[in-house]
Amino acid sequence: MVDTEIQKTIRTTVSKLWEEVVRPNWNFPQKDYVFNLPLTRDLSGGHVIDFSPYAPRTDPLLFTYEELHEVLSKAIQDASASQTFLPELRVIESPLHPAATQSMPAYQHNRVPIEALTLSEGRNIVEFGKIWQEEVRRAVREDDA
């Protein structure tokens with residue numbers, strides 16, 4: 001595992017992304033969710049690449065559901081004891097790591113980009129299609145600028 005100073009940097013970066021990006025933009029009724037967050041090489045930032053409900057249909061990837069339940073239980077205990085909870089880090093340090101080379105997730109067909117969920121809320125399929133095309137055009141224009 002990575003050294004203590006790097007772990008501290010990772011936790012700081014993930015906490016910052018959580019507070020500034022994820023928390024203010026999560027406006028769905030689902031309270032429990034998981035997300036995958038690859039970090040930049042210098043560990044100063046990252047990008048949410050997968051955001052899913054915490055449910056049996058979501059692949060746990062680096063943790064089993066039993067381990068995730070243990071993490072949640074420990075966090076609840078720490079909170080009730082007024083202790084600071086530090087999440088467990090699992091890092092894939094090499095493209096050859098078994099977790100990086102595993103077969104495709106079993107529930108990948110359930111994955112939908114968060115943008116699609118946001119844009120589709122309260123719309124029928126025709127309205128969603130029009131808005132999606134407009135958003136794609138806007139993104140292309142921004143990339144060309």
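Observations on the model:
- The angle between the Cα long axis of helix 4-17 and the main principal axis of the chain comes to about 30°, on a 0 to 90 degree scale.
- When the convex hull of its Cα atoms is projected in every direction, mean area for the chain (nm²): 11.7
- Partners for Lys31 among lysines (Cα-Cα distance below 28 Å; same-chain residues under 8 apart left out): Lys8, Lys16, Lys74
- Alpha-carbon centroids, the range 67-84 and the range 10-35: separation in whole Å: 18
- Cα-based helix-to-principal-axis angle, 65-80 vs the chain, degrees rounded to 10: 70
- Selected from Val91, Val34, Val126 as most flexible by GNM, with the chain as the system and alpha-carbon contacts under 10 Å: Val126
Taken together, the values in this text are just the output of simple stated rules run on the coordinates, not laboratory data. Computed from a predicted structure; not experimentally measured.
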